Structures are given as C-alpha cells and as structure tokens.
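Nothing in this text is a laboratory measurement; each read-out follows from the coordinates by a stated rule. Predicted model only: the values in this text are computed from it and were never measured. Cβ atoms come from the backbone with ideal geometry, glycine included; neighbour counts cover every protein chain shown.
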Amino acid sequence: MEFRQWLESKQHDKLLAEIRPVVLKMLYKMHAREEEVEDIAQKVLISVWRNLTGDLGSLPKPEKFNAWLWKVAHNTFINYIMSKEKRRMPTIPEPLHVVAPEEAEEDERIPAMKKAYQLLRPMDRQIIDLFYFQGIKTPEIAKMLDIPKGTVKRRLHTARKRLEQQMKYV
C-alpha cells in the first residue's frame, strides 16, 4: 500500500509495522549498540505515531517520507545518546600498550584502529562512517543530517582528533 493510502485508511499500526524493520536498519547504520536499538526504535515509532495521528499537514510528502523518517530516527538517536552521556560518569580508559607508528606493522595497527573507533562517541563514529566508509561527500552529509557543511567539516576534524587520542590508549 502506498504512503498516502496508509494515511487515508488510518491503518497507522500497519504502517508502523512495515517501517519498523527500516527504522532498526537505520539505527544499526548509525552504530547504535545492539542492546539500545529496541529502546531507540520504540521512541522513533512513538514519534512517527504522534505525527501520523496529529495534523496531516505536518507530515512530509510521500516522496520525502524516507528522508523524513531518517531525520526522525537520527534526532531520536542523538537525543537518546546525549541524555545517556549526561547520566554517565566519564571514564578514562587505561593505557594498554603504546606502540610508536614506525615500530608498528600495518597488520597490528588495523585492530588497534578498530578498537579505538569503537571507543569513540556515537556521533563521531557516525560522521567517520558516513565520510570514510560509505564515501559520502560533505555536502550530502550536511543534507542528510540537516546541518551546515562547515559543521560537517568541524565534526570530521574533531572525530579524527578523538580517534587519534584513542589510538594512544590501545
């Protein structure tokens, strides 16, 4: 059934059931932890439900629904992580074994970089993933996240610096 038909038929529960797997996939792409995905997905679906049962004028056009859903999922994910970080006491990882770059072989640095990447904040992992792993350019990332291009560049710079710092501890 098409998006507009779902809205007109008022079968919102069926629409939510159809988009739930899409939301889960989006959250996994945003690097949400497995144990948190269900909680965040529930919050996303509640937000979508509120928009569906509210004023239809506030909903996106059918052709922009996926982008709108991505934005709702992204904002909910960021809010969830930020509220969680406010409650958590900061922890500093103990230095394991620092190896000078010239001493390290290529094969040894890859696992260390993966571990350092996992220690980054979700927002930093997301921006690195979008730019380096998915190959998305900064203007497209800016549109996806609905932020200025300069902010994308700053976040990339900050994420690289944090990754560099984490590499010192692994």
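What the table below lists for this structure:
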quantity	calculated
Greater than 23 Å apart at Cα, pairs in K71/K161; K14/K43; K43/K114; K61/K143; K115/K168; K29/K153	K71/K161; K43/K114
R160-K84 pseudo-label distance in nm [points 7 Å out on the Cα-to-Cβ vector]	2.8
Simple spin-label estimate for E36 and I147 in nanometres, 7 Å along Cα-Cβ	1.5
Length released on extending from H12 to Q134, taking residue separation times 0.36 nm less the Cα-Cα span	40.6 nm
